[in-house]
1. Assuming A:T114 fulfils every condition listed in (1) farther than 28 Å from A:Q97 by Cα; (2) surrounded by 18 or more Cβ atoms within 10 Å (Cβ to Cβ); (3) assigned by TED's automatic domain parsing to the domain that holds A:E64; (4) not hydrophobic (A, V, I, L, M, F, W, C) apart from one, which condition is it?
2. Given (1) modelled with pLDDT under 90; (2) facing chain B (nearest Cβ under 7 Å), identify the lone condition not met by A:E4.
3. Go through (1) in contact with a strand residue (DSSP E or B) (Cβ under 6 Å, 6 or more places away or on another chain); (2) modelled with pLDDT under 95 for B:E68 and report which single condition fails.
4. Restricted to segment A:221-240, and to residues that are under 31 Å from the mean Cα position of the chain (by Cα) and closer than 12 Å to A:H201 by Cβ, which residue is most open to solvent (accessible area, probe 1.4 Å)?
5. Within segment B:20-51, how many residues are farther than 10 Å from B:F71 by Cα and hydrophobic (A, V, I, L, M, F, W, C)?
6. Pairs, please: C-beta under 6 Å, at least 6 apart or cross-chain, first residue within 7 Å of chain A (Cβ to nearest Cβ) and in segment B:91-112, second assigned to a helix (DSSP H, G or I) and open to solvent by 40 Å² or more (accessible area, probe 1.4 Å)?
7. Where residues in segment B:22-52 are surrounded by 22 or more Cβ atoms within 10 Å (Cβ to Cβ) and over 18 Å from the mean Cα position of the chain (by Cα), which of them is farthest from B:I98 (Cα to Cα)?
Amino acid sequence: MPGEATVRIRELKKDRVNFVLENVDLAGGTSFANSLRRVVMADVPTVAIDMVEIESNTTVLPDEFIAHRLGMIPLISTSCDEGIRYPRECNCTSHCQYCSVELQLNITCTDDTTIDVTSNHLDVYTGEQTDAGDDGDEPSKRGEGFGMPVGKNDPSVPPVLLCKIRKGQELKLKCIARKGIAKEHAKWSPCSAVAFEYDPHNKLRHTSHWFEQDERAEWPLSENAIEEDAPREDEPFDFLAKPERFYMTVETVGSLKPRDVIFKGFEELQTKLANLIHGLKSTTEIETNGRMTGHVVPIAQTGWGQGPTTMNGTGGGGGWESPGAAGWSV
Amino acid sequence: MNAPNRHELFVLDDGEKGVEVIEDTKIPNAATFKIIKQDHTLGNMLRSQLLAMPSILFAGYKVPHPLEPYFILKIQTDGSITPTEALEQAGNALLKLISDLQAKFKAEFAYKDVEGVDGVAEDPYGALPSNMTTSAWGSSTRFYADYS
């Protein structure tokens, strides 16, 4: 059995985590690490402003401009799983307390100085909603400050500037924040940047460096190069080598903690795989039994962690040589 | 406005099956899987996991069109297992790897929490430059282009 996969966190800050994945062999290390990268960027749900009702806008910026800027503001999204429904899963007419968070902004400038309208002026509004969807306990499961702009009551976090207004100008609006994922719109991404690197010395020659005179001088090594031995001058190319160390930095926008982003990413990967295995099982049952066997088990109960495979082989050996039992392991 | 809902790219419709199995009639022990509402995230991961299994002769995937949210995965085995079984094993192996990594991340994060690195960052954006004592927004120096 090959070496165990290990994780080493090199840096953990409020908004980012830098870690090294080692021995994620399985020959699929690169694609697994890449799937992790893809999933934290695009599949982790957060809340973001999705609809803006502008009551009055006498600023220099047009409504669309402000609405777009509002959408980009990161909102605190912890407990997104249980705290809010997807709008498509709620049966209210447009939005309600179960599938949305309402934020309000009302600024008028009466002074001679300009006012910076920032994300700090947005307030979460909790009021009665008439056409709400089916009753649920979502709002009670929300964490503290759910839906608030990130860093609102924290003087060390600079707010997001939306607009500047001068004397006599006013901005009054209502925002509806909804849950979504970044595949729908990038504003729902919990990550501002995900760094991904392997093989800093390019020993595997997965890329070729263009250079004028001296490759070494023209291609500075990355910070991760100290983790691996530099190739010797006369070292022959090992064409069988596989990447086994992956350096990643996940930088969040603040809507979720880096820790939550990583774990939620893993959960999303599990859901994808579980749904696939579940789908395979149900199609096999139709084939072998000729009819559906009422196998509608909620995904959470299928026990895919180490579920035994209870299938009859449907395809026989067609004259192919079989090299004994499959002795592969993870 | 006839634009389809964006979530139709990643949420299965009512009654839609996530996986379709098309057994190959010309090649022995081969099958094509059409996996709907999934993309490279799952496809590439499964493909490389399948290739690591000794009983697999061929595994490959493609997303036939970027606007159509599905991918197809072709698998040929040596006959010791069916392609469906192989795919299921690959999925289970990846699930095992994920739960393994989850536990390791949990331990690493707990260790870092004890160290007190988390939450006591000087500034959410890392350390401030030494010549700056407060954040850019609290300082009195105005932006050079701000003439108001």
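1. Every listed condition holds for A:T114 apart from (2).
2. Only one criterion in (1) modelled with pLDDT under 90; (2) facing chain B (nearest Cβ under 7 Å) is unmet by A:E4, namely (2).
3. (1)
4. Ranking the qualifying residues of segment A:221-240, first place goes to A:I226.
5. 9
6. Final answer for the pair search is B:F109/A:R259.
7. In this case the residue turns out to be B:N29.
Residue-wise test of (1) under 30 Å from A:Y247 (Cβ atoms); (2) more than 13 Å from chain B (Cβ to nearest Cβ); (3) at pLDDT 95 or above.
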| residue | (1), (2), (3) |
| --- | --- |
| A:P139 | no, yes, no |
| A:E144 | no, yes, no |
| A:G151 | yes, no, no |
| A:P158 | yes, no, no |
| A:Q169 | no, no, yes |
| A:P190 | yes, yes, yes |
| A:N202 | yes, yes, no |
| A:S208 | yes, yes, no |
| A:A217 | yes, yes, no |
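The values are calculated or read from the model by the stated rules, or taken from the named source; none is laboratory data. What you see is a predicted model, and the numbers here were worked out from it, not measured in a lab. Positions of Cβ are generated from backbone atoms using ideal geometry, with glycine treated the same way; all protein chains shown enter the neighbour counts. Side chains are part of the model used for accessible areas, which takes the heavy atoms of the whole protein and leaves out ligands, DNA and RNA. Shrake-Rupley method; radii C 1.70, N 1.55, O 1.52, S 1.80 Å.
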